[in-house]
Amino acid sequence: MSFEKAEGNNLSSAIVDTQWTWPLGGGSSTVTFIDGNKLRQSGGSGQQSYQSTLSWKQIDDYTIEFERKGEWATTGSIEFDREFETAKINVKRKSGQETKSKIKRIKTY
């Protein structure tokens with residue numbers, strides 16, 4: 001799938017039901033885009049597993065901004081490549097810690 005195939009370059013239709021690597025929370029951490037401009041972050045295993053939901057909005061043809069409010073507040077942006085295989089991510093935590101990384105698409109459901 002590529003953005004050219006997404007109707008009107010609508011990111012929502014292109015990224016819903018896709019899973020990507022996530023630069024925080026260790027190697028097993030992933031993010032899945034779900035309906036309603038939400039993304040679900042999950043990671044860990046067993047008693048150390050966690051899941052969190054963040055809201056996102058499209059800000060241009062290939063970029064979204066996301067946020068989670070509350071005690072573990074996080075904001076950031078994801079800029080997808082035109083082939084929809086990788087993306088640049090910038091994550092900023094409430095503590096001020098900032099992470100810039102690349103993520104990649106793992107699968108499409």
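The numbers here are math on the coordinates, done by the rules we state, and not lab data. Not measured: the values here are computed from a predicted model. Virtual Cβ from ideal backbone geometry, glycine too; neighbours counted across all protein chains shown.
What the table below lists for this structure:
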read-out: Order of Leu24, Leu11 - criterion: other Cβ atoms within 10 Å of each residue's Cβ, fewest first; value: Leu24, Leu11
read-out: Sequence of Tyr62, Tyr109 once ranked by neighbouring C-beta atoms within 10 Å, starting from the fewest; value: Tyr109, Tyr62
read-out: The chain: relative contact order as a whole-number percent, Cα under 8 Å and 6+ apart; value: 22
read-out: Average Cα contact separation per residue, the stretch 54-109, under 8 Å, 6 or more apart, as relative contact order %; value: 22
read-out: Which of Ala87, Gly36, Gln48, positive extreme of dipole for the chain (C-beta unit charges); value: Gln48
read-out: About the Cα centre, charge dipole magnitude for the chain (Lys/Arg +1, Asp/Glu -1 at Cβ), debye; value: 440
read-out: Least to most buried among Leu54, Leu39 (fewest other Cβ within 10 Å first); value: Leu54, Leu39
read-out: Rounded FRET efficiency, nearest 0.05, which uses the C-beta distance separating Asp35 from Glu71 and R0 of 35 Å; value: 0.85
read-out: Estimated 222 nm signal from helices in the chain, with DSSP H stretches of n ≥ 4 weighted -39500 (n - 2.57), rounded to 500; value: -1000 deg cm²/dmol
read-out: Phi-based couplings in Hz for the stretch 89-102 (Karplus 6.51, -1.76, 1.60; Gly and Pro marked x); value: 10, 10, 10, 10, 8, 3, 5, x, 5, 10, 10, 10, 7, 10
read-out: Cα-derived Rg over Rh, computed across the stretch 3-108 with Rh taken as Kirkwood radius; value: 0.95
read-out: Full-stretch length increase - Leu24, Ser101 - with 0.36 nm per residue and alpha-carbon distance subtracted; value: 26.8 nm
